[in-house]
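Taking it in order: structure first as structure tokens, then the write-up.
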Amino acid sequence: MSKQPLLTDYNLNGLKLPNRVVMAPMTRSRADNPENAPREDFEAEYYALRASAGLIISEGSPISDEAIGYVNVPGIYKPAQIEGWKKVTEKVHEKNGRIFIQLWHVGRMSHPDFHNGEKPLAPSAINPNAQSYTPEGFKDTVTPKEMTIAEIKQTIEDFKNGAKNAMEAGFDGVEIHSSNGYLLHQFFNGTSNTRTDEYGGSIENRAKILFEVIDAIKQVMPEQKIGLRLNPSLDGPFGMTMDKETIPTFDYIVNKLNEYDLAYVHLSEPFTDVSDNEFAVSEIAKHYRPLYKGTLIINAGFDQEKGNKVIEEGNADLVAYGKPYISNPDLVERFEKGVELTDWDEDTFYVPGKKGYLDYPVKARD
Ligand SMILES: Cc1cc2nc3c(=O)[nH]c(=O)nc-3n(C[C@H](O)[C@H](O)[C@H](O)COP(=O)(O)O)c2cc1C
């Protein structure tokens with residue numbers, strides 16, 4: 001019997017992956033300590049348990065105080081955080097795993113409670129009318145402050161610094177979080193970016209910050225270790241609204257990414273049903289595969305069968321699993337041996353403590 005496509009090896013621009021099963025980035029909010037640093041008996045243990053993944057992408061990690069938008073998320077801009085992440089990468093590598101960190105700025109999805117009452121930063125002063133997960137629970141988002149050019153330049157610098165810190169912490173690469181309605185995605189869409197300067201107006205201008213972030217990060221690490229994430233047909237969640245220029249903007253971005261030799265582009269299929277949405281593309285992998293010459297990771301709603309199929313059909317190279325990885329640390333071995341998956345418990349996604357974090361069963365590992 002030939003091997004399942006998901007279980008075949010893959011060369012990720014120089015990094016050898018033993019299989020094509022990727023752990024998707026997932027915020028777990030377990031860094032409830034004063035420095036928001038990862039810890040040996042929490043994050044390190046959690047990721048090491050999942051080291052048989054072809055590639056782990058860490059939870060979103062804020063690159064500055066301004067970038068934070070959720071409680072207890074481990075950052076990548078303070079010395080204690082770098083030390084904490086070192087424990088994570090060491091433990092994952094000890095188990096022969098590979099791990100990228102997701103570099104994150106939430107922009108207008110943040111809340112004044114994280115910034116001593118100051119407004120969060122965004123491309124334009126437009127409230128996403130969503131909810132932010134603050135230390136006092138979910139609160140309505142506010143109208144953010146439009147970033148000055150100096151604040152944009154500082155943010156690009158913060159991404160670069162986050163990447164430099166990530167290298168020091170021993171990560172195998174970084175994923176730029178340019179997805180899911182957070183800061184960089186807010187720049188891409190005309191409904192969240194109404195700027196009239198060099199960062200707004202045309203498609204090229206709205207995409208510009210992403211390329212400046214990549215170019216800045218390239219100064220501190222090889223581009224072959226840089227990946228990024230996009231969610232082109234996001235409409236509704238995280239305050240994002242599509243319009244007629246949304247898909248052309250993502251098409252422009254993906255085409256231009258061919259000028260780089262990146263680790264990968266990580267795409268999400270639509271998070272909601274967009275079949276009635278005239279502006280959306282409903283089959284993201286199919287649409288973007290012909291446009292991008294490098295490695296494509298596809299995510300959202302995949303099970304084992306669909307994952308094998310999308311690779312077999314040539315529409316993606318790797319498949320990222322989110323929720324299944326929360327409750328199945330040995331997801332790869334379960335796929336290998338055909339062992340039934342354990343269900344996840346949404347109530348413990350973001351709460352402190354080891355319950356729902358370190359107590360899911362490992363069933364298929366020898
Ligand atoms: C608890 C939880 C936390 C998440 N946090 C992040 C995150 O930090 N960064 C990100 O890009 N996506 C995040 N996501 C989205 C997942 O990466 C993924 O896109 C989503 O769960 C769909 O994939 P799935 O159907 O395999 O779960 C999160 C999802 C969940 C369930």
Carbon and sulfur atoms: what percent of the 1.4 Å accessible area of the chain do they account for? 47 percent
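Can you work out the accessible area per residue across the chain, with the rest of the protein chains kept in place, probe 1.4 Å, in square angstrom?
Accessible surface, normalised per residue, equals 39 Å².
When the gyration tensor of the stretch 292-366 is built from Cα positions, what are the square roots of 5 times its three eigenvalues, in whole Å, from largest to smallest?
Its equivalent ellipsoid spans semi-axes of 26, 16, 9 Å.
Size of the dipole of the stretch 238-319 about the Cα centre, Lys and Arg at +1 and Asp and Glu at -1 on the beta carbon, nothing else charged, in debye to 20?
Numbers: 7 positive and 15 negative charges, 46 e Å.
With only Lys, Arg, Asp and Glu charged at Cβ, the dipole is about 220 debye.
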Can you give me the P(r) profile for the stretch 1-96? Cα pairs, bins 10 angstrom wide beginning at 0, each as a whole percent. 16, 43, 28, 11, 2, 0
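Could you calculate, for the stretch 171-283, the ratio of the Cα radius of gyration to the Kirkwood radius, expressed as Rg to Rh? Intermediate values should be presented prior to the final figure.
Numbers: Rg = 13.9 Å, Rh = 14.4 Å.
For the stretch 171-283, the value is 0.96.
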Sequence order, the stretch 52-61: Karplus ³J(HN,Hα) from phi using 6.51 cos²θ - 1.76 cosθ + 1.60, θ = phi - 60°, Hz rounded, Gly and Pro as x, gives 6, 4, x, 8, 9, 10, 5, 4, x, 10
Name the long-range amide H neighbours of GLY60: under 5 Å, sequence gap of 5 or more, or other chain; modelled H, no Pro or chain starts. MET26, THR27
For ASP343, ASP359, give me the order by solvent-accessible area with a 1.4 Å probe, most accessible first, ignoring ligands, DNA and RNA. ASP343, ASP359
Within the set LYS78/LYS354; LYS3/LYS86; LYS95/LYS208; LYS225/LYS256; LYS87/LYS164, which residue pairs have Cα atoms separated by over 27 Å? LYS3/LYS86; LYS95/LYS208
Return the single residue from GLU346, GLU83, GLU45 with maximal mean-square fluctuation; model: Gaussian network over the chain, springs between Cα atoms under 10 Å. GLU346
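What's the long-distance tail for the stretch 226-353, i.e. % of Cα pairs beyond 17 Å?
63 percent
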Given 37 °C and 0.692 mPa s, how large is the Stokes-Einstein diffusion coefficient of the chain in µm²/s, with Rh as the Kirkwood radius over Cα pairs? 160 µm²/s
Treating only the Cα positions of the stretch 93-208 as identical point scatterers, give the base-10 log of I(q)/I(0) from the Debye formula at each q in 0.11, 0.15, 0.20 Å⁻¹. -0.42, -0.72, -1.09
What do you reckon, how do ASP345, ASP140 stack up by accessible area (1.4 Å probe), largest on top? ASP140, ASP345
Tell me what the chain gives for mean residue ellipticity at 222 nm when only DSSP H runs of n ≥ 4 count, each as -39,500 (n - 2.57), the sum divided by the residue total, rounded to 500 deg cm²/dmol. -8000 deg cm²/dmol
DSSP-assigned coil residues among GluC sites (Glu not before Pro) in the stretch 172-278, each with at most 12 further Cβ atoms within 10 Å: GLU259, GLU278
DSSP-assigned coil residues among chymotrypsin sites (Phe, Trp or Tyr not before Pro) in the stretch 307-366, each with at most 10 further Cβ atoms within 10 Å: none
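The values are calculated or read from the model by the stated rules, or taken from the named source; none is laboratory data. Keep in mind it's a predicted model, so treat the numbers as computed, not measured. Neighbour counts run over all protein chains shown; Cβ positions are idealised from the backbone, glycine included. Surface areas here come from the heavy atoms of the whole protein model, side chains and all, with no ligands, DNA or RNA. Shrake-Rupley method; radii C 1.70, N 1.55, O 1.52, S 1.80 Å.
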